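So the structure is just underneath, and the comments pick up after that.
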Amino acid sequence: MRFVVTGANRGIGLEFVKQLTARGEDVDATARAPEGAPELQTLARPGVRLRIHRLDVADDASVAAFAEQLPSGPVDVLINNAGVSGVKGGELIDPADILRVFNVNAVGTLRVVRALLPRLREGKGRKIADITSQLGSIAEASGGRYAYRLSKVALNMATRLLAEDLRGEGFRTVALHPGWVRTRMGGTAAPVPPEQSIRGMLRLIDGLTAEQSGRTFDFQGREIPW
Ligand SMILES: NC(=O)c1ccc[n+]([C@@H]2O[C@H](COP(=O)([O-])OP(=O)(O)OC[C@H]3O[C@@H](n4cnc5c(N)ncnc54)[C@H](OP(=O)(O)O)[C@@H]3O)[C@@H](O)[C@H]2O)c1
């Protein structure tokens, strides 16, 4: 199977690439600055099917260039992982921050889907996994973090729309909450190590059913209410 993973130079994206390449998958990994991604570069050892590409999901031209330069052939699974958290603390409502985060987390994901859809249609896998957050649940909202929460609500809706619109073509699309994970975004107090989170999410992606398509699950398989 051939996977594309965005935001793969650190954190959750990097761990996806580690586990996927370790089990022998074919992986196209992206980073905004591949030259500053030593851990990702280290994974690209001889015999490992890993290609590294430059991609800024917030930039139309970057997404177009990425799609054009991606080596030919079908893509089976797209993991939309790239994301930003927005300013923590500060003003309660910061419109500029809301738009910036929205552009990466929600619009950025859709930019990549749009650009790669022809390649995904060539594939047999036909899976899209959007890395969302429990903080995007309206049902479980506790206040604060406007930019991040709004962006993930929109991402969840995008996941649902794609699931409905592509269902007839055999696509399965899911939003996955990785847990509170020890990364630069999650911080050192986070209880879940990346290895455990990604193992759980890959189990879900591997076994994804048409019935699960368009829904949101955490890395342990618990469904998250909208
Ligand atoms: N960690 C958690 O507890 C947690 C919980 C819930 C959801 N998530 C979600 O999980 C995903 C990964 O988060 P993480 O914890 O691994 O965070 P992280 O360590 O901050 O990594 C974020 C990744 O996204 C990339 N990125 C940011 N803006 C981008 C852009 N415009 N274009 C392309 N790539 C971009 C970063 O690249 P640069 O290095 O170039 O900035 C980096 O590779 C995010 O979608 C996040 O919302 C994380």
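Worth a mention:
- Residue match in the range 188-211 (condition: outside any strand (DSSP E or B), more than 16 Å from the ligand (Cβ to nearest atom), surrounded by fewer than 14 Cβ atoms within 10 Å (Cβ to Cβ) and touching a residue at least 40 places away in the same chain (Cβ under 8 Å)): yes
- Restricting the range 1-37 to residues that are over 15 Å from the mean Cα position of the chain (by Cα) and within 12 Å of the ligand (Cβ to nearest atom), the residue that is most open to solvent (accessible area, probe 1.4 Å): E35
- Among (1) part of a helix (DSSP H, G or I); (2) buried (at least 18 other Cβ atoms within 10 Å of the Cβ) - the single one P118 does not satisfy: (2)
- With respect to the conditions (1) of a type in the set (A, V, I, L, M, F, W, C); (2) more than 17 Å from G108 (Cβ to Cβ); (3) touching a helix residue (DSSP H, G or I) at 6+ places or on another chain (Cβ under 7 Å), A58 falls short on a single one, namely (2).
- Residue in the range 81-92 that is in contact (Cβ under 8 Å) with a residue 40 or more places away in the chain, surrounded by 22 or more Cβ atoms within 10 Å (Cβ to Cβ) and farther than 15 Å from T216 by Cα present: yes
- Qualifying residues in the range 41-60 (those that are of a type in the set (D, E) and open to solvent by less than 90 Å² (accessible area, probe 1.4 Å)) - the one farthest from the ligand (Cβ to nearest atom): D59
- For A147, the conditions (1) under 17 Å from the mean Cα position of the chain (by Cα); (2) of a type in the set (A, V, I, L, M); (3) assigned to a helix (DSSP H, G or I) are fulfilled apart from (1).
- The number of residues in the range 187-226 that are among the hydroxyl-bearing types (S, T, Y) and modelled with pLDDT under 95 comes to 0.
The values are calculated or read from the model by the stated rules, or taken from the named source; none is laboratory data. Only a predicted model underlies this, so the values are computations on that prediction, with no experimental measurement involved. Don't worry about glycine lacking a Cβ; one is built from the backbone with ideal geometry, like all the others, and counts go over all protein chains shown. Surface areas here come from the heavy atoms of the whole protein model, side chains and all, with no ligands, DNA or RNA. Shrake-Rupley method; radii C 1.70, N 1.55, O 1.52, S 1.80 Å.
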